[in-house]
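The values are calculated or read from the model by the stated rules, or taken from the named source; none is laboratory data. None of the values given here were measured: they were computed from a predicted structure. A quick note on method: Cβ atoms are made from the backbone with ideal geometry, for glycine too, and the neighbour counts reach across all protein chains shown. Just the protein is used for accessible areas: all its heavy atoms, side chains included, with ligands, DNA and RNA removed. Shrake-Rupley method; radii C 1.70, N 1.55, O 1.52, S 1.80 Å.
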Amino acid sequence: MKRKEFILKAGAIITATTFVSKFSFANSIEDSKLSNKRAKRPNPDVFSQPILKAIALGINAPSPHNTQSWKFKIIDSVNMLLYVDENILLPETDPPSRQIHMGAGCFIETAVLGAQRYGYDADVVYFPEGYQGKVDFGQKPVASISLKKGRETKDPLEKYIESRQTNRRKYRGDIITHEEFDTLKTLSGASHSKLKFINTNFEPYFNLFYKGFEIESKTFNTNEETRNLFRFNEQQRAEKGDGISIPQMGYKGLMAILAEKSLAMGDKEKWHSEKSISLSLKNVQKGIDSTKGIVVWYTENNEFIDWIKSGRDFVRFSLALIKLGLYAHPYNQVIQEYKEMEAVQSEMNALLEIEAPQKIQMIVRLGRSSKPYYSYRREFNTYLVD
Ligand SMILES: Cc1cc2nc3c(=O)[nH]c(=O)nc-3n(C[C@H](O)[C@H](O)[C@H](O)COP(=O)(O)O)c2cc1C
């Protein structure tokens, strides 16, 4: 028996039916039709080993383009190693794999909070075997995670692991106040990255968000990378369990059906056509214009450790947002590291007074909206490595 099958079988009395049926979300008619076949996320309670419970909650974390570039080596029932998956990178939109490593940080924080639900403290050691550069991606762990029984209190953010979502819909209601931002910061706690909050004079930021998105869409290679991660109907979303899609972009109802249809299952010519790009830009503009606040995470340096820790910071803030009934939508195009983006990136850095080696790690728009489409995660055993 292969090691990962053994881990699953030894660690949990789990059958295909219990695994998929205990935790299903039905957010739309299409969802509910499929929910009998495939749960969107694993149910931590079907596992008996604490490390598997922590992972099952950890994979609710956000990741760039929903890539879920995570590999887990289970050492025993309380110890694991986390790697990025070198086969799931975003070479065009994320050449240094900075965002991929932020996604690893997002997993760490979510898993650490998840372990608390079951009374475990987590000890995280970053880069336990060293980490020099690209050759180490997927070969050396980004972190070891060790659980220890005995935690009596839970971080209040733990409750929001499953309800945290990216929300790309139009936002409504009031501008986010400084008081709300302060509450969010207090709930998030200590942060490695520094935060900037903007709730007035949005116009220059809106222009740069839009320009960044336009450049990403009109640059063939980055737009093609997105096409490859796009899932064009519910069946594909359920089968692949990753990526982004029209409902995830905030479309709903008839608009979602029409938009999905117009993409003709990812037909290359249609995807890259002026018509498709301009329709998507129109939707983007509406979202941007409805922004009720902007938050920026930046670090003093731009090393692997800054990326991982910023991911952790971002997750804590995202969970705090849910507690307050708020949502975030990242607009990171402008901070991505490829040459077509350099000019607008300099403009954004100047606007925010960021100077190298400082680096903006994440920039989001904030607001209130209805609950969006709930995204899938891959089948649990696809993350496990021997
Ligand atoms: C490091 C990082 C960068 C991201 N950048 C963007 C972005 O630029 N635009 C966007 O719409 N979503 C962005 N996201 C959100 C992901 O697409 C989202 O987390 C993923 O699709 C899973 O959906 P969920 O957050 O609703 O669970 C980013 C997430 C992470 C962790």
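Quick one: in segment 56-96, which of the residues that are away from the ligand (no atom under 16 Å from the Cβ) and crowded, with 20+ Cβ neighbours inside 10 Å is farthest from Val334 (Cα to Cα)? The qualifying residue farthest from Val334 (Cα to Cα) is Ile74.
Scanning segment 97-115 for residues that are open to solvent by 10 Å² or more (accessible area, probe 1.4 Å) and either more than 15 Å from the ligand (Cβ to nearest atom) or in contact with a strand residue (DSSP E or B) (Cβ under 6 Å, 6 or more places away or on another chain) (or both) yields one hit, Val112. Consider segment 359-376. How many of its residues are within 11 Å of the ligand (Cβ to nearest atom) and either in a loop (DSSP other than H, G, I, E, B) or open to solvent by less than 10 Å² (accessible area, probe 1.4 Å) (or both)? Qualifying residue count, segment 359-376: 10. Going through (1) open to solvent by 10 Å² or more (accessible area, probe 1.4 Å); (2) within 12 Å of the ligand (Cβ to nearest atom); (3) not small (Gly, Ala, Ser) one by one, Val334 falls short only on (1). Checking Glu340, Glu355 one by one, the residue that is surrounded by fewer than 17 Cβ atoms within 10 Å (Cβ to Cβ), within 16 Å of the ligand (Cβ to nearest atom) and not in a strand (DSSP E or B) is Glu340 and no other. Of the candidates Leu82, Leu34, Leu57, Leu113, the single residue that is in contact with a helix residue (DSSP H, G or I) (Cβ under 8 Å, 6 or more places away or on another chain), over 19 Å from Thr166 (Cα atoms) and modelled with pLDDT of 95 or more is Leu82.
In segment 128-187, the qualifying residues are those that are in contact (Cβ under 8 Å) with a residue 60 or more places away in the chain, assigned to a loop (DSSP other than H, G, I, E, B) and of a type in the set (Lys, Arg), and the one that is most open to solvent (accessible area, probe 1.4 Å) is Lys170. Does Glu303 meet the test of being free of Cβ contacts under 8 Å to residues at least 12 places away in the same chain, open to solvent by 30 Å² or more (accessible area, probe 1.4 Å) and over 19 Å from the mean Cα position of the chain (by Cα)? Yes, satisfied.
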